[in-house]
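Each remark here refers to the structure printed beneath this line.
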There are 2 protein chains.
Amino acid sequence: MSFQLLCTDSTSRARRGRLITGHGAVETPIFMPVGTQGTVKAMAPDELKTVGAQIILGNTYHLFLRPGLDIMRHFGGLHRFMSWDRPILTDSGGFQVFSLSKLRHITEEGVHFNSHIDGAPCFLSPEISMEIQSLLGSDITMAFDECLPYPCDWDYAANSLERTLRWAKRCHKWVVNLPHEQRPLVFGIVQGGTFQGLREKSARSSVKMNFDGYAIGGVSVGEPESEMMRAVDNSIPFLPEDRPRYAMGLGTPPQLVEMVARGVDMFDCVLPTRLARNGTAFTSWGTLNLKNNLYRFDNGPIEQGCICGACQTFTRGYIRHLIKAEEILGLRLISIHNLYFYLNLMQQIRDELEAGTFQRFREIFVANYARYEPSCTTKGNHQ
Amino acid sequence: MSFQLLCTDSTSRARRGRLITGHGAVETPIFMPVGTQGTVKAMAPDELKTVGAQIILGNTYHLFLRPGLDIMRHFGGLHRFMSWDRPILTDSGGFQVFSLSKLRHITEEGVHFNSHIDGAPCFLSPEISMEIQSLLGSDITMAFDECLPYPCDWDYAANSLERTLRWAKRCHKWVVNLPHEQRPLVFGIVQGGTFQGLREKSARSSVKMNFDGYAIGGVSVGEPESEMMRAVDNSIPFLPEDRPRYAMGLGTPPQLVEMVARGVDMFDCVLPTRLARNGTAFTSWGTLNLKNNLYRFDNGPIEQGCICGACQTFTRGYIRHLIKAEEILGLRLISIHNLYFYLNLMQQIRDELEAGTFQRFREIFVANYARYEPSCTTKGNHQ
């Protein structure tokens, strides 16, 4: 078994686990920084290790289009290409085909679409997606699915779901037919939009295929938070305890805590790095817009007590200046802080689960996170 | 004396020296990375130390406009603001007032101009420039000068030079009137455009004021390389042996070697970081455009044998991908390499001067640098 359940929370569905991959173990619950184009934006691999990244995400769609498969093959896969020796999970490209590309045409065989870079006609199918993920050297591959938009009517969702299930079977078959030593883990994806019955059907049917883990897809696609929570609540009960569960594309810090309580083990999200590039930092009591004039004389770190590389050395006032002056070091420092914040949050969650204190942590964290008031950490002598 | 002449080259005017500043010694000849807005673009302070930076440049004009003097005062100067504990040289703002700002009006008192950021009316004078540089905590301050454009007629150059000399006297006076323990080094600037007589007059008159060092200004302003060399050749003979000489805003690697041979000790230039952001890397045999398709399967480092952080870990093929995909890590890696290249070149020059082999090094380096041919370091299995 690739997944070990180390302990469970008595007051919620939360679990502490360990996922064994071809590049080592991943302690769950875990957050996976997103490395869309063969790099986690603005971060070097050694910095990712310093902030505590155990596993990162690679994007099949993006790497397929650029640099392209001949280059990825030449460099021996994504790990060697980007100099990252820890686990990598690759998505299937499904989400990107449906969110980024234009003029797509879905058939039973797969999806014809045009590259968002140069408009070139492309084709992805379940088999091609798995072949690409295998070529990338992915430790955890994802089944190729249709990611539904929000909102979406029942008829479309039901038909799409059936096709996604047929595609899932083809993905699973492709992977299990590989020689054992080349076989990555493969996760199925629960779809079904906002419909309880479809989520149940998707989960039950996926589980029958015996995937190594299960993702909940079609969340964080613009729906209200309550719908997101419902989609997860409607999926989790039908997933086996002995396999990891991954909520795709989530979320804010309190959403992650709430999702862990609902039984989710794995997360990925662009928020920490995307908001960093806009000057927004995460703290345990909310986000901070570091462009704010309030911080111009601020001698304090982004978050008092934080031991990330940015907070150990640099002030809010300096980082604010860098962001206002559009200097790269500014978004680098906030990216370091935000990723450390997310990864440290997951470390805290794991510690609380082991100590049996997760429920208390959950309540305090979610309550604190809402109490954000902008304030300056220092009273300066700024006249 | 703040400057020690350690040895001189028997075949040229090249010198090996040591400049003592308030934040430690600087071994010359030296290259100073440019930190225009309180950061060397894309680089963190610890990375600057790793590539071997002994001293960096700060820009008075930029920091005066943004973040502004109240903030710089609050943070206790530039060293603490940006977390850099080694020496800093600040320019006077003269060059930027004349190259970046609009609607400038020069009077005997100083220069009225409009901010290039928001158009706000501003004023800089010799005394204000020195006061700002002192407030920034600069270790080496520069006199406030008018930097002539190229080309420029004799009448304008001669009149401007007289005013620049009067301004230099005011700058020198402002600094020497400071209490001894607060007094930074102050360098005069030789102007005079392309006119031999004016360069001589500027140098001789500046030297009479007894500055701690002398810069050669008004070079690298668009003139042909031969004019640049002539301007330096027309200035150096009138400068004292026991003071450091600084050629402002230079240059390409062979230009630096040639300038050292002409007796220059200090350099600053945006080329290593600016070209990095455009995908261009320096090597000992010329520049490399890493966007080139030639490098897409290239498993080799930017330069074989280079021990910089980029070359130790990352391939040309990967860096090319990052630059094409407009990923920040790409320009970070080339910035690291380029700055290491410049700083290591100066280290080599110092070593050759100490070993008495500078002349041979100069000839080989300049000859090699010209022999650039694009080529791929590896023959890939890329069909």
Once the Cβ-Cβ distance between B:Arg80 and A:Ser83 is put in as r, and R0 is 41 Å, what FRET efficiency do you end up with, to the nearest 0.05?
0.75
Please go through the residue pairs A:Lys291/B:Lys102; B:Lys102/B:Lys169; A:Lys41/B:Lys324; A:Lys41/A:Lys102; A:Lys41/A:Lys324 and name each one whose alpha carbons sit more than 22 Å apart in this structure.
A:Lys291/B:Lys102; B:Lys102/B:Lys169; A:Lys41/A:Lys102
Once a ≥ b ≥ c are taken as the square roots of the eigenvalues of the Cα gyration tensor of region A:103-201, is the result rounded (a/c under 1.5), prolate (a/b larger than b/c) or oblate (a/b not larger than b/c)?
oblate
Can you give me the angle between helix A:126-135 and the longest principal axis of chain A, using Cα atoms only, in degrees from 0 to 90, rounded to the nearest 10?
50
So the compactness index of region B:252-383, its C-alpha Rg divided by 2.2 N^0.38 Å, takes the value 1.09
Does region B:201-311 classify as rounded, prolate or oblate by the C-alpha gyration tensor (a ≥ b ≥ c root eigenvalues; a/c under 1.5 gives rounded; else a/b over b/c gives prolate, otherwise oblate)?
prolate
Could you work out the relative contact order of region A:259-363? I mean the mean sequence separation of Cα pairs under 8 Å and 6+ apart, divided by the number of residues, in percent.
27
What distance in nm separates the simple spin-label points at A:Trp154 and B:Gln196, each placed 7 Å from Cα in the Cβ direction?
9.6
Between copies, how far does the label point of B:Ala25 sit from its twins, in nm, shortest first, when each point is 7 Å from Cα along Cα→Cβ?
5.2
Taking 1 over the mean of 1/r across every pair of different Cα atoms in chain A, what Kirkwood radius in Å do you get?
21.4
Report, as an integer, the average count of C-beta atoms from other chains found within 10 Å of each Cβ along B:67-75.
6
Residue order, fewest to most beta carbons within 10 Å, for A:Phe365, A:Phe144, A:Phe282
A:Phe365, A:Phe282, A:Phe144
For the protein assembly as shown, calculated [θ]222 nm from helices alone, where every DSSP H run of n ≥ 4 adds -39500 (n - 2.57):
-12000 deg cm²/dmol
Measuring from the axis that superposes chain B on chain A, report the chain B residue with the minimal C-beta distance, rounded to whole Å.
B:Ile328, 3
Label-to-label distances across copies for B:Arg104, with labels 7 Å out along Cα→Cβ, in nm, shortest first?
5.4
Over what distance in Å are the Cα centres of region B:180-251 and region B:277-296 separated?
33
Report the calculated FRET efficiency for B:Gln182 and B:Asn210 (r = Cβ-Cβ distance, R0 = 22 Å), to the nearest 0.05.
0.70
Sort region B:46-85 into rounded, prolate or oblate with this rule: let a ≥ b ≥ c be the square roots of the eigenvalues of the Cα gyration tensor; rounded if a/c is under 1.5, and if a/c is not under 1.5, prolate when a/b is larger than b/c, oblate otherwise.
prolate
Sticking with the crude label model, points 7 Å out along Cα→Cβ, report the distance from A:Ala25 to B:Arg18 in nm, one decimal please.
5.3
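Place a +1 charge on the Cβ of each Lys and Arg in the protein assembly as shown and a -1 charge on the Cβ of each Asp and Glu, then give the dipole magnitude about the Cα centre in debye, rounded to the nearest 20.
Details: 78 positive and 78 negative charges, 17 e Å.
I would put it at about 80 debye.
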Under 19 Å from the Cα of A:Lys173, which lysines turn up, not counting those fewer than eight places away in the same chain?
A:Lys208
Sorting from shortest, the nanometre distances separating the label point of B:Ser226 (7 Å past Cα along the line to Cβ) from those of the same residue in the other copies are 8.0
Helix B:328-355 axis, angle to chain B major axis (alpha carbon atoms, nearest 10°):
70
Considering only B:Arg243, B:Arg15, B:Arg204, give the residue with the highest GNM mean-square fluctuation for chain B, with springs between Cα atoms whenever their separation is below 10 Å.
B:Arg204
Which Rg and Dmax, in Å, describe the Cα atoms of the protein assembly as shown?
30.1, 91
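Laboratory data are not the source of any read-out in this text; all were calculated from the coordinates shown. What you see is a predicted model; the values in this text were computed from it and never measured. Positions of Cβ are backbone-derived with ideal geometry, glycine not excepted, and every protein chain shown enters the neighbour counts.
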